[in-house]
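Read through the structure below, which is laid out as structure tokens, and then see the notes.
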Amino acid sequence: AKSDNGYLPLMCHLLLNTESPSEEVVSALLESYPGAAAVADENNQLPIHIACMATGVSKNIFTMLLRANPGGAYVADVEGYYPVDYAAANKDVATRKVALAS
């Protein structure tokens, strides 16, 4: 079910936990609805876009999101930015390295 703002639980978790989203929660949400990784918000951003902007994101989260929606890496948002663009601009060096290597 979508939240009041129209987001699926996966997107809500990533948006509300921009510092170290939980691997366990992401895994459970993708297990219950793998298609959530392919549902964009009003800015045409997918969960992979949000993860690339967050901090403390594990390699496992990027792997789960990309396995659930491999094409998501090639989707531009309304501003024309791809997930890799957000990853490259991420101030969290550890997350940036993991995102760019995924």
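Sparsely packed loop sites in the chain (the GluC sites (Glu not before Pro) outside DSSP H, G, I, E and B with at most 13 other Cβ atoms within 10 Å) comprise 42, 79. Fully extending the segment from residue 19 to residue 60 would add 13.3 nm, taking 0.36 nm per residue of separation and subtracting the current Cα-Cα distance.
At a probe radius of 1.4 angstrom, the accessible area of the chain per residue rounds to 55 square angstrom. When a 1.4 Å probe is rolled over the protein heavy atoms, the share of accessible surface on the chain that falls to carbon and sulfur comes to 54 percent.
Using just the helices of the chain, give the 222 nm mean residue ellipticity in deg cm²/dmol: DSSP H runs with n ≥ 4 each add -39,500 (n - 2.57), and the total is spread over all residues, rounded to 500.
-14000 deg cm²/dmol
Dipole size of the chain about its Cα centre, with +1 on Lys/Arg Cβ and -1 on Asp/Glu Cβ: approximately 320 debye, rounded to the nearest 20.
Translational diffusion of the chain, estimated by Stokes-Einstein from the Kirkwood radius over alpha carbon pairs at 20 °C in a medium of 1.002 mPa s, is 163 µm² per second.
Restricting the calculation to Cα atoms, every distinct pair contributes to the Kirkwood radius of the range 46-91, found to be 10.5 Å. Label reach from residue 27 (point 7 Å along Cα→C-beta): in the range 43-79, amide nitrogens under 17 Å belong to 57-68. Using a Gaussian network model of the chain whose springs link C-alpha atoms within less than 10 Å, name the residue from 36, 28, 76 with the highest mean-square fluctuation. Per the Cα network of the chain with a 10 Å cutoff, 28 tops the list.
The values are calculated or read from the model by the stated rules, or taken from the named source; none is laboratory data. None of the values given here were measured: they were computed from a predicted structure. Positions of Cβ are generated from backbone atoms using ideal geometry, with glycine treated the same way; all protein chains shown enter the neighbour counts. To get the accessible areas, we keep the full protein, side chains included, count just its heavy atoms, and leave off ligands, DNA and RNA. Shrake-Rupley method; radii C 1.70, N 1.55, O 1.52, S 1.80 Å.
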